[in-house]
Amino acid sequence: MECGARLRYVWNRAGRQKLVAQDDTHTNLHRCLSTLQMTAIGIGSTIGVGIYVLLGVAIRDMAGPGVILSFFLAGLVVLSNALIYMEFGSYIPHTGAAYTYIYRAVGELAAFLTGWMGLLSLTCSAATGARAWSGFVDSLFNNSVQNFLDDKVGQLDLGSPFSHSLDWMAFTFFLLVTLVVSCNVHCSSIINTVLAVLTTGVLVFVMIFGPIIGDIGRLAAADNGGFLPYGMGGVVTGASAAFFAFNGYDSICISAEEAKDPIKSVPRAILLELLIVVIVYCGAAVGTLCLIPYTEIDLRAPIPSAFAYQGVTWAKYIVTIGPIIAITNLSILGLYAASRISYRMAQDGLLMKQFSYINARTKVPLLGVVVFGVLVAVISLVLELKDLVRFSVLCMLFQYMILAPALVALRVADREKQTSELQEAASSGESALPQANEDRDAPHPRLELRTQGSSESDGVGYKDEDGLVHYTDRGNTLFDPDSPNPTTDSHLLQDPLASTRSNDAGGKPGFGGNTENPNSNGAARSPQGVKTVITTDSSGPSDANANFATELTDTTLLLSSEMSQSEDNTAVSKRQHKRASDARSSDFADESQMSEERFKSRNSILPLKLKTSSGANVGEGCFEITRREFFKILSTKMCLGLLVLVLGGLAVQLGMGWEDLRRANLLAVVSTTLMIVVIVFLCEVVRKRCGPGHHEGFKVPLVPYLPMLSCFLNMLLLVSAADVMGIIEFTVLVLLGLVIYVIMMMTQWKKDGDDSKTLSIQSEETYALLSQEENDADSEGSL
């Protein structure tokens with residue numbers, strides 16, 4: 001019995017989500033980073049030793065001079081991932097990056113596994129970088145330092161994965177890095193900025209002096225195969241390799257909790273960092289190709305060998321220092337990222353709470369810095385981790401791949417959450433609503449208005465193909481939701497039953513008096529009997545459904561106290577923006593206004609009290625809202641799950657079965673076509689359920705198509721980069737993380753919390769955690 005209760009507790013914990021308000025900027029960390037400092041963090045995390053090694057391989061064996069196009073193409077692919085980070089970073093101004101975003105959009109178990117794999121990846125990469133740093137420095141002294149230490153200290157003979165030589169230089173180096181990161185973030189950011197400028201400066205030096213010293217004609221030399229000796233296929237292959245040289249912009253999101261204005265700084269810094277890196281990479285490739293024929297490049301040291309080919313030895317030593325500076329900066333930022341992720345996980349109760357303690361003087365999570373710093377130093381001393389580089393690549397692609405559907409799920413959940421809140425507010429009698437942050441130019445829901453007792457065909461109200469509302473009972477008035485004032489155009493509107501309706505008081509068609517409707521069994525319509533039905537058609541424009549909740553939030557029903565006397569005293573205004581209200585004529589000054597009622601998107605009927613602007617009661621009615629969902633037999637989670645599976649199948653088909661497609665194999669062509677059709681269909685289903693993003697800051701366009709394209713490209717890279725041993729390593733470590741999570745949760749189980757579907761954990765910040773089983777009901781708990 002107790003075991004079952006514990007397992008139920010773990011199941012409920014695994015699916016709960018953390019709700020983080022965008023304006024929740026409280027933190028014990030020091031908010032001091034500007035946009036430029038965050039850009040320097042991104043550059044320092046991106047421009048590393050990889051470009052100095054990768055450049056030679058990409059030029060000589062993959063693309064030749066076409067590597068310039070490869071870097072540009074890789075930059076575009078990386079941009080598709082970066083856009084997702086830009087929205088998440090401006091929406092959730094907290095440290096943790098992918099871990100925090102997945103916790104918010106997917107659930108606790110997926111977030112823990114992401115954080116777990118991220119910490120492992122950062123630790124392995126930092127240890128590998130420390131050993132590479134010692135190797136570069138030792139090479140400047142002809143390896144005399146390591147030989148001296150081996151003679152004086154001795155060597156190990158324990159076999160793999162232990163190193164044959166104890167790397168004391170790497171050990172000492174990373175202890176110094178730990179000391180730097182332990183200082184306050186402002187101090188370490190200054191050091192990082194200086195190192196980032198030096199690292200970028202080395203590549204800029206190559207970009208400028210390469211064409212000056214060398215021969216720019218080498219870029220398209222006919223005797224070497226021209227500009228594209230390997231064709232466009234080589235350019236694409238080079239782009240897939242160059243993709244990994246752009247990794248590092250996620251460090252900007254990790255620093256979001258220490259930014260002065262994360263909502264603006266995070267997207268700006270990511271975009272600026274990518275722009276600088278693309279320019280520098282392409283420029284360095286041009287400079288290198290001008291110095292040496294691409295067939296003569298030394299793969300171990302491509303840039304130094306290019307200057308040596310020209311006999312410029314002084315420049316050779318300048319560019320040799322570049323990797324040393326880059327690795328130093330990468331090590332600082334890697335330890336910084338690991339300490340912040342562990343801090344956020346401890347804040348959420350997924351690591352020991354001691355990791356969340358902030359030093360009062362330096363304002364940094366000191367324990368996390370020291371623990372991970374010493375751990376990396378010890379690992380770099382005794383272990384050889386070159387084989388774990390592929391594991392780090394898989395972790396990176398895994399994070400990119402899961403964030404794309406997570407963003408789509410977050411958009412859908414935000415829309416459902418907003419409509420649920422509106423319904424709760426309506427039932428509690430609230431009327432004040434925040435103004436929606438949206439463009440006047442955004443498409444609108446298609447509205448259908450009719451009075452009580454009327455049918456959809458009686459001409460009282462209908463919508464045209466453009467989504468404009470025609471309210472034919474009010475003197476043939478055409479109401480454009482974007483227009484601050486309704487306009488009249490009698491030739492656009494026809495009311496086939498207008499002649500059958502008369503007003504006993506004045507002979508006019510309208511709401512007032514005892515207007516008869518032959519289609520309503522003679523029922524009289526009066527202000528007390530007004531019933532307005534608003535229907536959205538999910539087959540309308542994309543943002544029409546996306547903006548459903550927000551759009552109708554600002555919809556008002558305006559009724560005059562003289563409803564039976566004048567046709568100009570009743571109007572429907574779709575939204576109330578400042579520009580619209582400034583342009584509204586004085587004829588509408590005395591119109592009464594329905595208080596802005598909150599509502600639920602599905603078949604909701606809300607009572608209204610209709611009053612004039614002077615406060616006089618006109619009567620009571622109801623406001624009914626219905627929505628026809630598109631293909632609602634599939635839930636959003638099911639759609640996203642199927643979408644990811646089909647995208648994975650398409651990536652495998654293109655990655656491993658490309659030759660079959662080139663040979664026009666019937667089975668390959670048919671299966672690929674079917675998968676593309678299914679992908680487009682599922683994307684369209686999800687698109688009609690997505691909201692526009694009810695938050696300030698950057699928003700990814702073309703949701704879900706652009707995020708799903710990003711997911712597909714990452715899957716394609718995963719198929720091409722993964723090997724059997726890498727997949728085995730990745731799977732084993734994921735399963736180990738899963739076991740650790742289950743053990744942690746079962747030890748946290750308490751009988752008094754067993755029946756609670758919404759669970760709470762202690763944190764110095766307040767969060768709402770949702771059970772996965774209650775996502776549809778939006779049941780909230782506090783953390």
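Here, each number is a calculation from the coordinates, and none is a lab measurement. Everything numeric here is computed off the predicted structure, so don't read it as measured data. Note that each Cβ is placed from the backbone with ideal geometry, even for glycine, and that neighbours are counted across all protein chains shown.
Quick notes on this structure:
- Cα-only radius of gyration and Dmax that characterise the range 689-743, units Å: 17.2, 44
- Each peptide among 248-258, 647-657 gets the average number of other Cβ atoms lying within 10 Å of its residues, and from highest to lowest they stand as 248-258, 647-657.
- Charges were assigned to the Cβ only: +1 to each Lys and Arg, -1 to each Asp and Glu. The resulting dipole of the range 34-407 about its Cα centre is roughly 680 debye.
- Database remark: amide H of Leu33 closer than 5 angstrom to the amide H of Ala259, Lys260 (H placed geometrically; neighbours at sequence offset of 5 or more, or on other chains; Pro and chain starts carry no H).
- Measuring between their Cα centroids, the range 648-697 and the range 306-342 lie 40 Å from each other.
- For the range 127-137, 3J(HN,Hα) per residue [Karplus equation, 6.51 cos²θ - 1.76 cosθ + 1.60, θ = phi - 60°, Hz, x = Gly/Pro]: 5, 5, x, 5, 5, 5, 4, 5, x, 5, 5
- Long pairs among Lys632/Lys688; Lys264/Lys688; Lys18/Lys264; Lys18/Lys260, criterion Cα-Cα beyond 18 Å: Lys264/Lys688; Lys18/Lys264; Lys18/Lys260
- Here the peptides 706-712, 372-378, 157-163 are ranked by packing, the mean other Cβ count within 10 Å, and the order with the highest first is 706-712, 372-378, 157-163.
- Around the amide H of Ser165, modelled in the peptide plane, lie the amide H atoms of Leu156, all under 5 Å away and 5 or more residues distant in sequence or on another chain.
- From phi via Karplus (6.51, -1.76, 1.60), per-residue ³J(HN,Hα) for the range 300-306 in Hz, x at Gly/Pro: 6, 8, x, 6, x, 5, 5
- Among residues other than Ser34 with Cβ under 15 Å from its Cβ, the summed charge is 0 (Lys and Arg +1, Asp and Glu -1).
- Other-chain or far-sequence residues with amide H under 5 Å of Asn359's (modelled H): Val364, Leu366
- Ile728/Arg662 FRET efficiency (R0 30 Å; Cβ-Cβ; nearest 0.05): 0.45
- Per-residue 3J(HN,Hα) values for the range 175-180, derived from phi via the Karplus relation 6.51 cos²θ - 1.76 cosθ + 1.60 with θ = phi - 60°, read 5, 5, 4, 4, 5, 5 Hz in sequence order (x marks Gly and Pro).
- Peptides 178-187, 65-74, 138-147, 84-93 ordered by packing proxy, namely the average of other Cβ atoms within 10 Å per residue, highest first: 84-93, 65-74, 178-187, 138-147.
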